[in-house]
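Working notes for the structure below.
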Amino acid sequence: MDRELTAERSSTAVDTPGGKVFVRWDPDAAVTAFGPIAYFIEFLKTNELWQRWVADCPLVYRSPNAPPKQDILGTLLLSVLAGHKRYAHVTTIRSDSVTPGLLGMQRVRSEDAVRRAFQQGAPEDYARWLARHLGNTYEELLNEPWILDMDGTVKPLYGHQEQAVVGYNPTKCGRPSQVYQTYFIAAIRMVLDVEVQAGNQMASQYAQPGLWSWLDKRPRERWPALVRGDIAWGTERMMLECEKRKLPYLFKLRQTTKVRSHIAQLFGRCDWTSAGQGWHALSSELQLTGWSRPRRVVILRRRMREALALARAEQDSVQPRLLAAAELVQDGALYEYAVLVTPLEDDLLAIAQLYRDRAEAENVFDELKNQWGWTGFTTHDHQRCQIMARITALIYNWWSLFTRLAIPNRHTEATTSRPLLLHGIARQTRHGNQTTVTITSNHAKAPAVRQALEAVSTLLQRLAQTAERLSLQQRWRQLLRFIFRDWLKTQAPEPYFSPLTMLPNCRN
């Protein structure tokens, strides 16, 4: 009663076009802006993802006043889920008095406590810890035919960070940077691993030791059916390593002078075949300088759109320009070309489509950098940058698995899935021994969201009831096969329906 009277006295009148209203601040209310996160936490707990991640963490404090490990890791989890890019953004969630309790935390810790957390300790211990839990999100899927995509992305830096070196930087020319060398399971957007390297180590030769180490640790039956990369990976060293392991590959070649000369020799050929989406293809054999032997190459060409070709012609009439490496003129028409190298014997249409599918890797980078904080969480030392890159990748994998349960048969980017499945004001109340979280969502699709999340919860509870008959690993394997049943082309074990499946606006 005294608290209510105090709050009433602290109310202030605010004049609005809708009339005068009284505004009252209640800093002690048990509320959160992420009410639906309770369902995600249930997903983590049912599969023991959170408990094992915390228990295995090599983070050790000697001070009796130090925070528990689950507080540090929980703060990072909430911050990354919220879309933060800086440690300073942690301040925006420190007043959350509901979510920490759901994760078994005492409270959300300060940005300084989180930033300093991984300063000490051996990098190898942290690498093994995160590799083990990253692998847990996808290892059971590697028994199926899959494609390995490799690529690197640049992270510009603005301070005096370790390994901040000037290198290839298409967006901030001359700006020091780091490079994130990343490996994915194509088609399902699952991150296998990420290595943070110096900004001048964009070439694939710097990523290959980590890639082959990751691959050679796994039995042959879990290797990819195909390794795929852009021009950075189309090198003799990379192809030799693949051939030594009898691993099929598909790479794009740089259009060097000899490659362009080879294309010019094929101008007069009349056996160009359709390769889809306006492209035509031709198969040939080529041995470049430095190659140990001839290899099959697939030349793709597409006539440029008339409007673009006219714009180029008008530009050339004012100031003549050299043709780009990927452009050639034939019979007065402007064509763009691409050259692929592969040992595959598939038809030209299949090979062209295989490489076009590689564009999905660019979408993953765009999502991770712009929606998951890969451009942020920067510290002076390299160790913490590497740890945060892998922690972000792990949480990204967890959230991707969870959202595929709520929105089956598709990947939903964070810019869509967060407002849909994470944002919602919730108030926590206690009565007797029962805790209730009351959620109010402002999303227009709130009724469908509620049905979908409750369906996920029902599925997880049924899964938990099978603990006596199945081991944790067996249950996790069944859940992964259920989540990716469209990719694996398997039948769902039981009828399952999510109302969000019928909402076309949930698609990216």
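Full-extension gain between M304 and Q120, please, as 0.36 nm times their residue separation minus the C-alpha to C-alpha distance.
In short, 60.7 nm is gained.
When the convex hull of the C-alpha atoms of the stretch 4-70 is computed, what volume per residue in Å³ does it have?
Cα-based convex hull of the stretch 4-70, divided per residue, equals 184 Å³.
If you take the alpha carbon radius of gyration of the chain and divide it by 2.2 N^0.38 Å, what ratio comes out, to two decimals?
1.13
Looking at the stretch 343-397, which GluC sites (Glu not before Pro) are in a loop (DSSP not H, G, I, E or B) and have at most 11 other Cβ atoms within 10 Å?
Answer by residue number: E345.
Sum -39500 (n - 2.57) across every DSSP H segment of at least 4 residues in the chain, then divide by the residue count to get the 222 nm mean residue ellipticity, nearest 500.
-11500 deg cm²/dmol
In nm, to one decimal, how far is the T12 label point from the E236 one, both placed 7 Å along Cα→Cβ?
For T12 paired with E236, the spin-label model returns 7.3 nm.
Taking 1 over the mean of 1/r across every pair of different Cα atoms in the stretch 1-129, what Kirkwood radius in Å do you get?
It works out to 17.3 Å.
Looking at the stretch 105-148, which trypsin sites (Lys or Arg not before Pro) are in a loop (DSSP not H, G, I, E or B) and have at most 15 other Cβ atoms within 10 Å?
Passing both the DSSP loop test and the Cβ count: R107, R116.
Would you mind getting me the FRET efficiency between K20 and T435? Use the beta-carbon distance for r and R0 = 41 Å, nearest 0.05.
My answer for the efficiency is 0.65.
Using 0.36 nm per residue, how much length does the chain from R260 to Q277 gain when fully extended, once their Cα-Cα distance is taken away?
3.9 nm
If I stretch the segment between A113 and K244 completely, what's the gain in nm (0.36 nm per residue apart, minus their alpha carbon distance), one decimal?
Difference between extended and current length: 42.4 nm.
With a bin width of 10 angstrom, please list the P(r) values of the stretch 220-293 as percents of all Cα-Cα pairs, from the 0 bin to the one holding the largest distance.
Binned Cα distances yield the sequence 15, 41, 33, 10, 1.
Taking the Cα centre of the chain as origin, work out the dipole magnitude from +1 charges on Lys and Arg Cβ and -1 charges on Asp and Glu Cβ, in debye rounded to 20.
In total the dipole reaches around 280 debye.
Which of I93, I37 comes first, and how do the rest follow, when ranked by fewest Cβ neighbours within 10 Å?
I93, I37
What is the calculated FRET efficiency for A464 to K172, with r their C-beta to C-beta distance and R₀ = 35 Å, to the nearest 0.05?
Approximately 0.15, to the nearest 0.05.
Whole Å is fine, so just give me how far the alpha carbon centre of the stretch 53-77 lies from that of the stretch 123-186.
After rounding, the separation between the Cα centres reads 24 Å.
Can you order the peptides 451-458, 117-124 by their average number of other Cβ atoms within 10 Å per residue, highest first?
Ranked from most to least packed, the peptides come out as 451-458, 117-124.
Are there chymotrypsin sites (Phe, Trp or Tyr not before Pro) in the stretch 15-60 that DSSP puts in a loop and that have at most 13 other Cβ atoms within 10 Å, and which ones?
W25
Laboratory data are not the source of any read-out in this text; all were calculated from the coordinates shown. Since the structure is predicted, the reported quantities are computational estimates derived from the model, not experimental observations. Methodologically, a virtual Cβ is constructed for each residue, glycine included, from the backbone with ideal geometry; neighbour enumeration extends over all protein chains shown.
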